[in-house]
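Down below is the structure, laid out as structure tokens.
Derivation of every value follows stated rules applied to the coordinates shown; laboratory data play no part. For clarity, every value in this text was computed on a predicted model and none was experimentally measured. Every residue, glycine among them, receives a Cβ derived from its backbone with ideal geometry; neighbour counts consider all protein chains shown.
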Amino acid sequence: MKYFLLFFAVLLISQKSEAGYDKLFEDKTLRLDYYHCGNASSEQFFFDELIREPYWAGSKTNLIDSKGYGTHRIEMRTADTNELIYSRGYCTLFGEWQTTPEARTTNCCYPESVVMPFPRQKVVVSILARNKAGEFVRKFEYPVDPQNYFIKTENKNLPVFDVVKSGDPEKKVDLVLLPEGYTKDQEELFKADCRKFADEFFSYAPYSQNKSKFNIRGVWAASDEAGPDIPGDHVWNNTRLNGSYYTFDSERYLMVDDFQEIRSVAGNAPYDYIYILANTDKYGGGAIYNFYGISAAHHADETGKIYIHEFGHLFAGLGDEYVGGVEYSDFYPLNVEPWEPNLTTLVQFDKKWKNMLPEGTAVPTPVKPENREKTGVYEGGGYVTKGVFRPWINCLMNNLHSIDVFCPVCTKAIQETIDLNCE
Ligand SMILES: [Zn+2]
């Protein structure tokens with residue numbers, strides 16, 4: 001009976017949202033910039049500014065996050081009745097930094113930014129973060145009056161071009177590609193790289209069967225010098241987004257620290273997801289759930305596979321199914337079920353892919369040749385050898401060099417995310 005009632009409650013909320021978008025929101029984006037600060041054991045949020053951006057590309061029916069993914073969550077409630085009218089889960093670079101050795105000895109701040117549909121009435125925007133038990137706790141609140149004349153409307157007025165055009169932004173997954181380290185005479189190179197991205201992207205399942213559900217656009221913004229920074233090689237280039245290898249001292253981890261600057265370039269186009277093409281052939285990249293993704297556009301052999309792997313993190317919240325590679329401590333506490341759909345600590349495996357296991361599957365499932373491409377519960381994943389389990393022996397979210405497909409668990413998560421964006 002309880003489940004029955006819950007079902008109807010969810011149905012009511014979604015129906016109300018569908019009818020109510022235009023009553024609640026304008027067809028614009030409200031962006032809230034803040035600083036995410038702290039150390040290994042604490043985090044704080046400091047308000048920076050509010051910005052009104054020209055488009056809203058997100059779903060107008062799925063306004064409440066039904067997935068529950070991410071380490072953080074943004075919520076918007078009406079100021080007068082406290083009704084939840086928008087929510088989204090996401091993760092941050094600061095959150096990853098908190099698990100590095102450096103965070104145990106120093107404090108640090110990262111510029112961050114969240115976006116939501118622009119409200120017509122007074123609202124309160126909150127940021128929630130997971131506690132050690134994995135539950136969301138409210139950490140920051142900011143009241144927003146949409147009439148406030150301090151909400152900025154400045155726009156960079158950067159040129160936008162279509163790469164793949166399928167239809168209305170609200171009914172499609174809108175991907176925006178940004179250039180990092182392309183000089184002013186390399187605009188055509190960037191456009192060619194955007195087309196190459198799209199060709200690669202739609203050559204992998206399940207994206208290949210869903211091409212008509214995606215729009216891809218590019219925003220052109222030149223850099224003074226070519227290619228991101230490579231601190232380990234003493235390379236420091238003056239570029240638009242200031243991308244850098246050696247993030248957290250991991251050579252191949254290419255990231256951008258200033259997410260606000262990324263948003264300022266991206267906001268010229270309608271978008272749901274931001275992917276940055278870095279003008280370099282050096283292997284590397286990175287991506288964070290509902291934050292942004294970035295990778296090398298000219299790697300000799302595997303540019304497309306890196307796109308696909310990183311986009312899995314950004315888009316569907318997929319975790320890394322590999323072992324090692326980064327120095328994180330306690331990234332997946334073994335007494336908590338990770339929120340990533342393709343990893344489990346077996347704490348709440350019922351919520352994961354248990355119903356996708358063939359009958360009689362041993363848990364844990366032994367890694368042996370006859371189990372190749374057989375869904376199971378294989379120990380090792382999420383950077384550690386023990387206590388975290390993955391669904392396939394290998395998958396594009398694991399060792400991408402030796403496989404071309406996603407496991408069925410990752411495929412299902414990607415398909416569900418595509419569908420949620422298109423309703
Ligand atoms: Zn997988």
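Note on Y55, Y289: ascending count of other Cβ atoms within 10 Å places them as Y55, Y289, the fewest first. Of all DSSP bridge pairs formed entirely within the chain, close to 75 percent run antiparallel. In the chain, helical runs assigned H by DSSP with n ≥ 4 each contribute -39500 (n - 2.57); averaged across all residues and rounded to the nearest 500, the mean residue ellipticity at 222 nm is -6000 deg cm²/dmol. Listed by Cβ neighbour count within 10 Å, with the fewest neighbours leading, K28, K156 appear as K156, K28. For the pair the range 138-171 / the range 273-331, the C-alpha centres are spaced 25 Å from each other.
Indicate the gyration tensor shape class of the range 15-144 (rounded, prolate or oblate), computed on the Cα atoms with a ≥ b ≥ c the square roots of the eigenvalues: a/c under 1.5 is rounded; otherwise a/b larger than b/c is prolate and the rest oblate.
Working: a/c = 2.28, a/b = 1.87, b/c = 1.22.
Verdict is prolate for the range 15-144.
Could you tell me which of rounded, prolate or oblate describes the range 106-155, using a ≥ b ≥ c as the square roots of the eigenvalues of the alpha-carbon gyration tensor, with rounded for a/c under 1.5 and, failing that, prolate when a/b is larger than b/c and oblate otherwise? The partial results should precede the final answer.
Numbers: a/c = 2.86, a/b = 1.62, b/c = 1.77.
Cα axes put the range 106-155 in the oblate bin.
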